[in-house]
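Everything on this sheet refers to the single structure shown next.
Since every read-out is calculated from the coordinates, none of them should be taken as a lab result. All values reported here derive from a predicted model rather than from experimental measurement. Note that we place each Cβ from the backbone using ideal geometry, even for glycine, and neighbour counts take in every protein chain shown.
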Amino acid sequence: MKIAITGGTGFIGGRLIDHLIRAGHEMLNISRSTNAHVHGVTTVTWEQLEATPSLLEGFDAIVNLAGESINQRWTTKAKERVLLSRQKAAARVAELVNRLEVKPKVVVNASGMSIYGTSETETFDERSPHRVADFLSGVTEEWERAADQIRGTRIVKVRVGLVLDGKEGAFPKMALPYKLGVGGPIGSGRQWLSWIHIDDMVRLIAFCIQHEDISGPVNATAPNPVTNKEFGKVLAKTMRRPNLLPLPAFVMKLVFGELSVLLLEGQKVLPRVLLEHGFEFKYTTVDRALADIAGGR
């Protein structure tokens, strides 16, 4: 298959390109800059595609992962960048697809599980309603609204959970206190953590591309979410470190500001669509996932 990707130099995008190339697919990287080189992959800019959209004719799929990182202090300007980068990327994809004579068979657009809001007691799947309760849930709803402007092809909106990887993403920062011997639960410890291993993350995107009966929202989370307290317990055991010192919520808010909501509030999100379509997770439990990315440290 011929697959175009935005955000190919990012955390998930880079791993996805590697996975799809190994599977024999032909890749095209779409970037803001011609300097965004990805080994073995041709890069084109948004401006080149907008001038000559026919460059995308004949592609089977587009994967849109572009967007400003949320792992930064949420100042007013940072919030604006986070929202606008996602809206703009989805709108650009929509405009390009709508101009093509032969459209791709599918567009996979990244989204987030934040769209369900937070809760310590509820369980969410793809049938759950949107609940705009904070900055991230509002961003995600606007993100999906922009993606809904894509016409004439199948759209999959992948609602990404906490992606676990040993080198990139949030996990190295989460593991650092344990590495230093001062790890412990964050806040109450009761908040749910809906996670997914990076290998399953890229595998499920490929799965959604290939399965024509999948469309709409797809939760990109493992089938067994855990509480923050349980996650810390397993991580400490895996890294052979203590799990003794709880980190109060006020410290998190002082250090990270509004960004602290990512760790202080949670959601129990289940991947109903993937399970119903027969996707087989390689990492179904957090024990196995952490053993892979943190075992032996």
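Some observations on this one:
- Expected 222 nm ellipticity per residue - DSSP helices of 4 or more, -39500 (n - 2.57), all of the chain, to 500: -11500 deg cm²/dmol
- For the stretch 202-243, the convex hull spanned by the alpha carbon atoms encloses 82 Å³ per residue.
- Kirkwood Rh and Cα Rg combined as Rg/Rh, the stretch 155-211: 1.09
- Computed lengthening from Asp18 to Glu258, 0.36 nm per intervening residue step minus Cα-Cα distance: 83.0 nm
- Between the Cα long axis of helix 228-239 and the first principal axis of the chain there is an angle of about 90°, rounded to the nearest 10.
- Counting only residues at least eight positions apart within a chain, or on another chain, the aspartates and glutamates with an alpha carbon under 15 Å from that of Lys237 are Asp287, Asp292.
- Summary of the geometry: the stretch 133-195 and the stretch 1-24, compared by the centres of their Cα atoms, lie 20 Å apart.
- Summarising the amide proton neighbourhood of Ala220: residues at separation of 5 or more, or on other chains, whose placed amide H is nearer than 5 Å comprise Arg159, Val160, Gly161.
- Compactness ratio for the stretch 90-161: Cα radius of gyration over 2.2 N^0.38 Å (N = residue count) comes to 1.24.
- In the structure shown, the pairs Lys2/Lys167; Lys167/Lys233; Lys103/Lys167; Lys79/Lys105 are assessed against 31 Å; a Cα-Cα span above that value is assigned to Lys103/Lys167; Lys79/Lys105.
- Charged side chains reduced to their Cβ positions (Lys and Arg at +1, Asp and Glu at -1) give the chain a dipole of some 900 debye around its Cα centre.
- Separation between Cα centres of the stretch 224-297 and the stretch 41-114, rounded to whole Å: 29
- Once the Cα-Cα distance is subtracted from the 0.36 nm per residue extended length, the Val44 to Arg32 segment shows a gain of 3.5 nm.
- For the stretch 145-297, fraction of C-alpha pairs farther apart than 18 Å, in %: 60
- Sites His130 and Glu68, calculated FRET efficiency, Cβ-Cβ separation with R0 25 Å, nearest 0.05: 0.70
- Spin-label model, Ser119/Arg145: points 7 Å from Cα along the beta carbon direction are separated by 2.3 nm.
- Taking amide H atoms as placed 1.01 Å from N in the peptide plane, the amide H of Asn64 lies under 5 Å from those of Thr6, Val108, Asn109, Ala110, each 5 or more residues away in sequence or on another chain.
- Per residue, the convex hull spanned by the Cα atoms of the stretch 223-297 amounts to 106 cubic angstrom.
- Projecting the Cα positions of Gly161, Thr284, Phe231 onto the charge dipole of the chain (unit charges on Cβ atoms of Lys, Arg, Asp and Glu, taken about the Cα centre) puts Phe231 furthest along the positive direction.
- In plain terms, the chain from Lys167 to Arg99 could stretch by 20.6 nm, reckoned as 0.36 nm per residue minus the Cα-Cα distance.
- Mean-square fluctuations from a GNM of the chain, with a 10 angstrom spring cutoff on Cα atoms, peak among Ala91, Ala51, Ala249 at Ala51.
- As a rough footprinting exposure proxy, the listed residues Val269, Val139 were ranked by other beta carbons within 10 Å of their own, and the order from fewest upward is Val139, Val269.
- Hits among lysines - C-alpha to C-alpha of Lys77 under 27 Å, sequence gap 8 or more where chains match: Lys88, Lys157, Lys173, Lys253
- Note that the stretch 210-215 has calculated 3J(HN,Hα) couplings of 7, 9, 5, 8, 9, 8 Hz, one per residue in order, obtained from phi through the Karplus relation 6.51 cos²θ - 1.76 cosθ + 1.60 (θ = phi - 60°); glycine and proline are x.
- Rounded to 5, percent antiparallel among DSSP beta bridges of the chain: 10
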